[in-house]
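Take a look at the structure set out below.
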């Protein structure tokens, strides 16, 4: 377990989270994404030219070159600043989407707000801000949401839902009661779209229906099978008691593939972002075939961004190439065709 300070600040927690994700195995021990249960029917004669495969997709009025999202990770520390700048520079080069980590640290302490500032090097990307939905029960409201959007020039605001993570944190914010009316008010008043995002345990179909009724503009399912934040908190636990409580939830959650299907059933009219344990461009392709609009990865991008912007660039090029080849070999010329491509289930 990592050694944590007593009464850690938000900045301390962010630094702990980065360090643990880079240095420890925090994957789900047994639970998988469920994507391995699906495969494409190979088309030996696709009647397509690889050079003609079109991976462009439009979301919230912006067209990006590929349906790849660098999922929300971090902010609020000097290390986070370097990571975010590396991510943003590569995202700008390839014109893909980027989500930043929770901006509460920047709202509470203006001195660290600049660790989220990436617009100067990524003026054209689809950029998502981020706040925890539970904070609406701890004094936050539309003003803080607007500050988060203005802080980074965001195209949309993610409201993340991390009930299990908060519950196993000794310092967690655990009052998740009565949030829907407050979410509905933010969706009605905020000038940019709102994305509801889990952080690794997935949304149920009922959750998705409720969030869609509240007015969210997209769902990021962030299902199970990748990084387990209860495992991250296990490594932060200040006592053996807290470690044992967190460890019990190592395989909790809804696998990503199931969460995409729940989102599609619960809100068929909303864009879906598939994240949570995606490994490569084939997983992105499978997620889109299941009903998603974008596929998001975090852990692989965090490790690449800790190395260099060139490492992030290389990862994006690999993901895009894998996606394009998967589309060619399954006979889908465009993302809209890929969304209609049937999958075989093992």
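Would you say residue 189 is within 22 Å of residue 99 (Cα to Cα) and either surrounded by fewer than 24 Cβ atoms within 10 Å (Cβ to Cβ) or in contact with a helix residue (DSSP H, G or I) (Cβ under 7 Å, 6 or more places away or on another chain) (or both)? For residue 189, the condition - within 22 Å of residue 99 (Cα to Cα) and either surrounded by fewer than 24 Cβ atoms within 10 Å (Cβ to Cβ) or in contact with a helix residue (DSSP H, G or I) (Cβ under 7 Å, 6 or more places away or on another chain) (or both) - is met.
Using the structure shown, decide if residue 120 is out of contact with any helix residue (DSSP H, G or I) (no Cβ under 8 Å at 6 or more places or on another chain), over 27 Å from residue 164 (Cα atoms) and assigned to a loop (DSSP other than H, G, I, E, B).
Criteria met by residue 120.
If you check 200, 178, 215, 226 for being buried (at least 21 other Cβ atoms within 10 Å of the Cβ) and on the phi > 0 side of the Ramachandran plot, only one passes: 200. Of all residues in the stretch 232-286, those satisfying the criterion of being closer than 23 Å to residue 320 by Cα, part of a helix (DSSP H, G or I) and in contact (Cβ under 8 Å) with a residue 40 or more places away in the chain are 256, 257, 281, 282, 283, 284, 285, 286.
For (1) within 24 Å of residue 274 (Cα to Cα); (2) in contact with a strand residue (DSSP E or B) (Cβ under 6 Å, 6 or more places away or on another chain), each residue gets a yes or a no:
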| site | (1), (2) |
| --- | --- |
| 108 | no, no |
| 139 | no, no |
| 157 | yes, yes |
| 170 | no, no |
| 179 | yes, no |
| 184 | yes, no |
| 189 | no, no |
| 192 | yes, yes |
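Restrict the check to the stretch 238-248 and report whether at least one residue is at pLDDT below 95, farther than 21 Å from residue 38 by Cα and crowded, with 24+ Cβ neighbours inside 10 Å. Checking the stretch 238-248: at least one residue is at pLDDT below 95, farther than 21 Å from residue 38 by Cα and crowded, with 24+ Cβ neighbours inside 10 Å. Restricting attention to the stretch 66-79, and to residues there that are in a loop (DSSP other than H, G, I, E, B) and under 18 Å from the mean Cα position of the chain (by Cα), which single residue is surrounded by the fewest Cβ atoms within 10 Å (Cβ to Cβ)? This residue is 66. For the stretch 70-92, the candidate set comprises residues that are closer than 20 Å to residue 280 by Cβ and out of contact with any strand residue (DSSP E or B) (no Cβ under 7 Å at 6 or more places or on another chain); within that set, the residue that is modelled with the highest pLDDT is 90.
Those helices (runs of 4 or more DSSP H) of the stretch 296-346 in which 2 or more residues are surrounded by 14 or more Cβ atoms within 10 Å (Cβ to Cβ), touching a strand residue (DSSP E or B) at 6+ places or on another chain (Cβ under 7 Å) and on the phi < 0 side of the Ramachandran plot occupy 299-307, 309-330.
The set of residues in the stretch 83-96 being touching a helix residue (DSSP H, G or I) at 6+ places or on another chain (Cβ under 7 Å) and under 21 Å from residue 18 (Cα atoms) consists of 83, 84, 86, 87, 89, 90.
The values are calculated or read from the model by the stated rules, or taken from the named source; none is laboratory data. The model shown is predicted, which means the values in this text are computed figures rather than measured ones. Methodologically, a virtual Cβ is constructed for each residue, glycine included, from the backbone with ideal geometry; neighbour enumeration extends over all protein chains shown.
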